[in-house]
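To keep things clear, I will list the structure first and then write my remarks on it.
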Amino acid sequence: MRAGTSRGPFFLRDWLPADETVRDATLIGAIGASDLLQVDGVGGGSTLTSKVAIVSRSSQPDCDVDYLFAQVGVGQRSVDTRPNCGNMLSGVAPFAIEQGLVAAQDGETTVRVFNVNTRSRIDVTVLTPERRVTYEGQAHVDGVAGTAAPIRLNFLDAWGSVTGSVFPTGQRIDLIDGVEVSCIDAAMPLMIVRAADLGVTGRESPTELDANPVLLERLERLRLAAGECMGLGDVSASVIPKPVLVSRGHDDDSVTSRYFTPRRCHASHAVTGAIGVATAFALPGTVASGPAVVAGVRNLAVLHPQGRIDVEVAIEGEGQDARIQRAALVRTARKILQGELHIPDYVYCPSDRTP
């Protein structure tokens, strides 16, 4: 499925081996992770097209389905299940309904999704006229061609879900290697830096940023240090925390963001990253903070290389006591194919055939 601005195979958990090591080898073979072009699998040679969603009936009493996200490597045999992916999340509800895990209602159906990676709940609402999922509609997502049916994601408890705290270092701004950063855990652990503090405007294209090795090396050093400060340990083999460069938006309700995955700039923006950036923008005292916080519902825009992601946030409290109750946004998804995926034997014996 194409889900948001990402793409990858969706599996029921029962379709995959129960043993996690064998399961990960299967995902590596499915995507074709061992080479950069991923010609031996269904990946697209990019982190955005090397993603997997694993869905099952939920073990949680207040949820319908469990969703485990896996980021598979590009040119390396790796599977990381520490982060969540909000773009792939947008395909979970249609998939769950079509696979019979959730009964569709006439008109629209809300699926209560438990994200296993971050142990948080997201309510996902899809259009189901005559109790059938429809992918056709007029909603447009920047970074995706055409239009499709809107899928509403409502993040209910994504704040501090990985580290236990929205600001896991205990500070809203930390000084790392002489640079001010904000370490935040809101839907995705992020390390946010002002673009100007690293000598760029923050409005560069992904290609321009990826062609700046000095910037990329500096960001990675900061990210590794931030991971330690956030209690995540050695993150050299993990994709979290994700580094983000921020700069001013077009107005008081927008912020410009360049999101890294983490060693390349995202072509557009991750949904979970947009929730984190919007949270840092809405709350005071961070490197991304916007105008003074006002309690209530606020519509914010995270501006990215291919457009914008509009995020509706509900703010409770004032000043330093302000907190985000929920955040919601709209994505789309498309079912590309359904069938059997054949896994080559060599992925289970990597020492014989691959580096």
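Whenever a residue of the stretch 121-133 is at negative phi, its partners that are of a type in the set (Phe, Trp, Tyr), lying with C-beta atoms within less than 7 angstrom and at least six residues away or across chains, give the pairs Arg121/Phe114; Ile122/Phe155. Within the stretch 99-116, if we keep just the residues that are among the polar types (S, T, N, Q) and not in a loop (DSSP other than H, G, I, E, B), the residue that is farthest from the chain's Cα centre (by Cα) turns out to be Thr109.
Within the stretch 230-248, the set of residues being more than 21 Å from Ala70 (Cα to Cα) and open to solvent by 70 Å² or more (accessible area, probe 1.4 Å) comprises Arg248 only.
Quick check, is Val239 modelled with pLDDT of 95 or more and either more than 19 Å from Ser205 (Cβ to Cβ) or in contact with a strand residue (DSSP E or B) (Cβ under 6 Å, 6 or more places away or on another chain) (or both)? It is false that Val239 is modelled with pLDDT of 95 or more and either more than 19 Å from Ser205 (Cβ to Cβ) or in contact with a strand residue (DSSP E or B) (Cβ under 6 Å, 6 or more places away or on another chain) (or both).
Entry remark, the stretch 117-137: residues being assigned to a loop (DSSP other than H, G, I, E, B) and at pLDDT below 95 number 3 in total. Return yes when Asp253 is open to solvent by 10 Å² or more (accessible area, probe 1.4 Å), more than 21 Å from Asn87 (Cα to Cα), of a type outside the set (A, V, I, L, M, F, W, C) and in contact with an Asp or Glu (Cβ under 7 Å, 6 or more places away or on another chain) and no when it is not. Here the answer is no, as Asp253 does not meet what is asked. Within the stretch 300-333, being part of a loop (DSSP other than H, G, I, E, B), at pLDDT 90 or above and either among the polar types (S, T, N, Q) or farther than 26 Å from Arg2 by Cα (or both) holds for Gln306, Thr332. In this structure, does Val277 turn out to be closer than 16 Å to Ile315 by Cα and more than 20 Å from the chain's Cα centre (by Cα)? Taking the combined requirement at face value, the residue does not satisfy it. For the stretch 219-228, a residue qualifies if it is touching a strand residue (DSSP E or B) at 6+ places or on another chain (Cβ under 6 Å) and open to solvent by 20 Å² or more (accessible area, probe 1.4 Å), and exactly one does: Ala225. Scan the stretch 47-79 residue by residue and report those that are of a type outside the set (Ser, Thr, Tyr), open to solvent by 20 Å² or more (accessible area, probe 1.4 Å) and out of contact with any strand residue (DSSP E or B) (no Cβ under 6 Å at 6 or more places or on another chain). Correct list: Arg57, Pro61, Asp62, Val74, Gly75, Gln76, Arg77. One residue is enough: does the stretch 79-86 have a residue meeting the conditions outside any loop (DSSP other than H, G, I, E, B), touching a residue at least 60 places away in the same chain (Cβ under 8 Å) and not small (Gly, Ala, Ser)? Looking through the stretch 79-86, at least one residue is outside any loop (DSSP other than H, G, I, E, B), touching a residue at least 60 places away in the same chain (Cβ under 8 Å) and not small (Gly, Ala, Ser). Within the stretch 192-218, being aliphatic (A, V, I, L, M), open to solvent by 50 Å² or more (accessible area, probe 1.4 Å) and not in a loop (DSSP other than H, G, I, E, B) holds for Ala196, Val214. Remark: pairs (first residue in the stretch 247-264, under 21 Å from Leu222 (Cβ atoms); second residue aromatic (Phe, Trp, Tyr); Cβ separation under 7 Å; 6+ apart in sequence or on different chains) = Val255/Phe281.
Restricting attention to the stretch 10-23 and to residues that are open to solvent by less than 100 Å² (accessible area, probe 1.4 Å) and under 21 Å from the mean Cα position of the chain (by Cα), the residue that is nearest to Asp66 (Cα to Cα) turns out to be Leu12. Might you let me know whether the stretch 24-33 holds any residue that is within 18 Å of Thr261 (Cα to Cα), open to solvent by less than 10 Å² (accessible area, probe 1.4 Å), modelled with pLDDT under 95 and in a helix (DSSP H, G or I)? Looking through the stretch 24-33, none of the residues is within 18 Å of Thr261 (Cα to Cα), open to solvent by less than 10 Å² (accessible area, probe 1.4 Å), modelled with pLDDT under 95 and in a helix (DSSP H, G or I). The criterion of being within 21 Å of Val111 (Cα to Cα) and of a type in the set (Gly, Ala, Ser) does not hold for Ser46.
Annotation note: Cβ proximity below 7 Å between a residue of the stretch 334-355 that is assigned to a helix (DSSP H, G or I) and among the hydroxyl-bearing types (Ser, Thr, Tyr) and a residue that is open to solvent by 70 Å² or more (accessible area, probe 1.4 Å) and at pLDDT below 80 (sequence gap 6+ or interchain) occurs for Tyr346/Asp352; Tyr346/Arg353. When Val277, Val297, Val246 are checked against the criterion of being over 27 Å from Arg7 (Cβ atoms), among the β-branched types (Val, Ile, Thr) and not in a loop (DSSP other than H, G, I, E, B), Val297 stands alone in meeting it.
Of the residues screened, Glu108 is one that is free of Cβ contacts under 8 Å to residues at least 40 places away in the same chain and surrounded by fewer than 18 Cβ atoms within 10 Å (Cβ to Cβ). State whether the residues of the stretch 155-167 include one that is in contact with a helix residue (DSSP H, G or I) (Cβ under 7 Å, 6 or more places away or on another chain), open to solvent by less than 30 Å² (accessible area, probe 1.4 Å) and closer than 30 Å to Ala226 by Cβ. Within the stretch 155-167, one or more residues are in contact with a helix residue (DSSP H, G or I) (Cβ under 7 Å, 6 or more places away or on another chain), open to solvent by less than 30 Å² (accessible area, probe 1.4 Å) and closer than 30 Å to Ala226 by Cβ.
The values are calculated or read from the model by the stated rules, or taken from the named source; none is laboratory data. Quick caveat: nothing in here was measured; it's all calculated off a predicted structure. Quick reminder, even Gly has a Cβ in these numbers, built from the backbone with ideal geometry, and neighbours come from all protein chains shown. Each accessible area value is taken on the protein alone, full model and side chains, heavy atoms only, with ligands, DNA and RNA left out. Shrake-Rupley method; radii C 1.70, N 1.55, O 1.52, S 1.80 Å.
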